[in-house]
Amino acid sequence: MTAESALLFCTPEWNGMHPGAWRYPGAPADGAMDLDVVTALVRRAEDAGFQALFLADALGFRLEISHAALAHTGAGARFEPFTLASALATSTDRIGLIVTANTTYDEPYPLARRLASLDHLSGGRAGWNVVTGGFASGAAHFGRTEHVDHATRYARGVEFVDAVRGLWDSWEDDAFVRDQAEGLYFDPAKLHVLRMRGEHLSVTGPLNIPRPRQGHPVIAQAGSSGTGRAFAARFAEVIFTLQPTLAAAQQFYAEAKQAAAEAGRDPEHVKIMPSLTVLLAETAELAQRKAERMNDLTHPRVGLELLSAFLETDLTGYRLTDPLPAVHHDAKGTKTIQRFFTETAERERLSIGRLIPSALNFGAFVGTPAQVTDHIEQWISADAADGFNVTFTDHPESFDLFLDRVIPELRRRGLFRPAASGRTLRENLGLPAPPNVHAR
């Protein structure tokens, strides 16, 4: 990987990632539901050169956290990602729009149609973050009495992605001739009907929309279990990951690239994007003080319940001075997040109480613009990342400092090439368009 190929995605939690950020002085408390605030933020990210906006999503309330605790956070109100991305497609020109959609609680046909529509509406800027539904609370919103186990979710996910890609190839690229003189709207020889019968899904095409502008929207995925990594090796063009140390990130990077090669793919066409949550201030002391202030603004029960939810382990019966108990990596849970916090606690020998701040700021990098720039350079140079998926602990200060100070310095060091020249998200990520399997 060359320094010029470094990528930056923006994952804006509109009120800030920290559950106390919505109370911090200057924060837009209602920013998550104010389209003007959202649009202004995204336009600034686009002008700064971010290649893509990543719209993370959950299917509803995290039922593992009590409503009494959630009521004190900035959670509970957010736009549905496809609706928001469609609105943003009309007010942006270059930034990619990556939406999260679930293979366990959706169906291939309507999802393929929504993604194809977004790709056309945005001029080829759509991406799909494939999730299988890591949190058990999602099941209840869809009339399920229990969550689907990890292995079954991924087995269905494989069939689901295969079906969606098959539906996107319902039409050859030049199928719609729209010949008014001859009265021929499309060439029927270039229409192909998908008939898929799998263990988990049965899907029949064709899709009633032309092939997406990019051929297929860019496919992103996050998963660090063995099953998740195999899934990524087969499908993912962008891999989101959460790694606690440089050494762990280097190992993940090397293994993910190797797995892609073993799956018959070009490793250069798989972009590894670790999460980077930042809390920035002009000095390290001010940044630490801000982190402590946001912790103080957070209701005491939020931190313990949030950490319990991340670990899928009830910690309410323990003292804050106790070491972290053994965590069962549930076959129905999200292994990536569990391992991040258990490994952090083990490496730094943290008690439950001392681990809570890490849960509140989601392991944020706390420091100055210069320090986070050095961090990015170190990871990029060490083959630990192709770029970063940047989230901001607070708004607007950390966001402003990153755009005004970090990005210009990255550009000066030759570490960042902003999206500008490509017409599509694929072009700006250096990814080839997939050929239509039916093209002659």
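The values are calculated or read from the model by the stated rules, or taken from the named source; none is laboratory data. None of the values given here were measured: they were computed from a predicted structure. Cβ atoms come from the backbone with ideal geometry, glycine included; neighbour counts cover every protein chain shown. All accessible areas refer to the heavy atoms of the entire protein, side chains included, with ligands and DNA or RNA removed. Shrake-Rupley method; radii C 1.70, N 1.55, O 1.52, S 1.80 Å.
Assorted remarks:
- Within segment 378-395, at least one residue is within 20 Å of T11 (Cα to Cα), touching a helix residue (DSSP H, G or I) at 6+ places or on another chain (Cβ under 8 Å) and acidic (D, E).
- Test: residue in segment 189-197 that is in contact (Cβ under 8 Å) with a residue 24 or more places away in the chain, open to solvent by 60 Å² or more (accessible area, probe 1.4 Å) and under 31 Å from the mean Cα position of the chain (by Cα): no
- Test for V366: is it part of a helix (DSSP H, G or I), crowded, with 20+ Cβ neighbours inside 10 Å and at pLDDT 95 or above: no
- Selection over segment 214-234 of residues that are buried (at least 19 other Cβ atoms within 10 Å of the Cβ) and not in a loop (DSSP other than H, G, I, E, B) gives a count of 10.
- Of all residues in segment 67-90, those that are at pLDDT below 95, over 30 Å from L194 (Cα atoms) and exposed (fewer than 15 other Cβ atoms within 10 Å of the Cβ) total 5.
- Picking from residues in segment 47-62 that are over 17 Å from the mean Cα position of the chain (by Cα) and in contact (Cβ under 8 Å) with a residue 40 or more places away in the chain, the one that is surrounded by the fewest Cβ atoms within 10 Å (Cβ to Cβ) is F61.
- Residues in segment 167-188 that are in a loop (DSSP other than H, G, I, E, B), open to solvent by less than 50 Å² (accessible area, probe 1.4 Å), among the hydrophobic types (A, V, I, L, M, F, W, C) and touching a strand residue (DSSP E or B) at 6+ places or on another chain (Cβ under 9 Å): A175 alone.
- Sole residue being at pLDDT below 95 and closer than 28 Å to A27 by Cβ, chosen from R293, R349: R293
- Highlighted here are the helices (runs of 4 or more DSSP H) found entirely within segment 249-357 that include at least 3 residues which are open to solvent by 30 Å² or more (accessible area, probe 1.4 Å) and farther than 24 Å from G74 by Cβ: 335-348.
- Scope segment 1-41; condition assigned to a helix (DSSP H, G or I), surrounded by fewer than 24 Cβ atoms within 10 Å (Cβ to Cβ) and either in contact with a Cys (Cβ under 8 Å, 6 or more places away or on another chain) or at pLDDT 85 or above (or both); matching residues: R23, M33, L35, D36, V37, V38, T39, A40, L41
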